[in-house]
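Accompanying notes for the structure given below.
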C-alpha cells in the first residue's frame, strides 16, 4: 500500500474520531455539564491522535506540510458533511458546495506541481 494511501486511510479514521469528539456531544450529551463532556471529548480525541500522528509521519515522507494540511481539510469536509446530514440531521445547503469548491481550489494550488508536472 502506498504511503499516500496509508496517510489518507489514517486521516479518515482520525477525522471520524475528531468529528465525534468536537460535535457528537451536541446531540448526545447536551444535558450533561460541559466539564463532563470535555473529559469525554478528550478521551475520544486521544483515539483521534492515535491515527493522526502516524498519518502525519507517513504523509510527511511523500508530501509537503502544506499538502498534508490541505489533504486533511479535504478529508475533514468529506467526513463532516455526511456526519452533519445523517447523524446531526442538519439540512444540506449550497454553502457546502461553495466550501467544497474553495477546498478543491486549495487542492489544485497546493498540488499543482504533482498534477501538472514540473
Over the chain, what relative contact order in percent results from Cα pairs under 8 Å that are six or more residues apart?
-> 33
Based on other C-beta atoms within 10 Å, arrange 31, 25 from fewest to most.
-> 31, 25
Return the distance in nm (one decimal) between the two label points of a simple spin-label model at residue 4 and residue 78, each offset 7 Å from Cα along Cα→Cβ.
-> 1.2
Which Rg and Dmax, in Å, describe the Cα atoms of the chain?
-> 16.1, 55
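Which order do peptides 13-21, 98-106, 66-74, 79-87 fall in by mean Cβ count within 10 Å, highest first?
Working: 13-21: 20.7, 98-106: 12.8, 66-74: 17.4, 79-87: 15.0.
The packing order, highest mean first, is 13-21, 66-74, 79-87, 98-106.
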For segment 16-46 and segment 47-72, compute the distance between their C-alpha centroids and round to whole Å.
-> 23
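Read-outs: derived from the displayed coordinates by stated rules, not from any lab. A quick note: this is a predicted structure, and the numbers were derived from the prediction, not measured. As a convention, Cβ positions derive from the backbone with ideal geometry for all residues, glycine included, and neighbour counts pool all protein chains shown.
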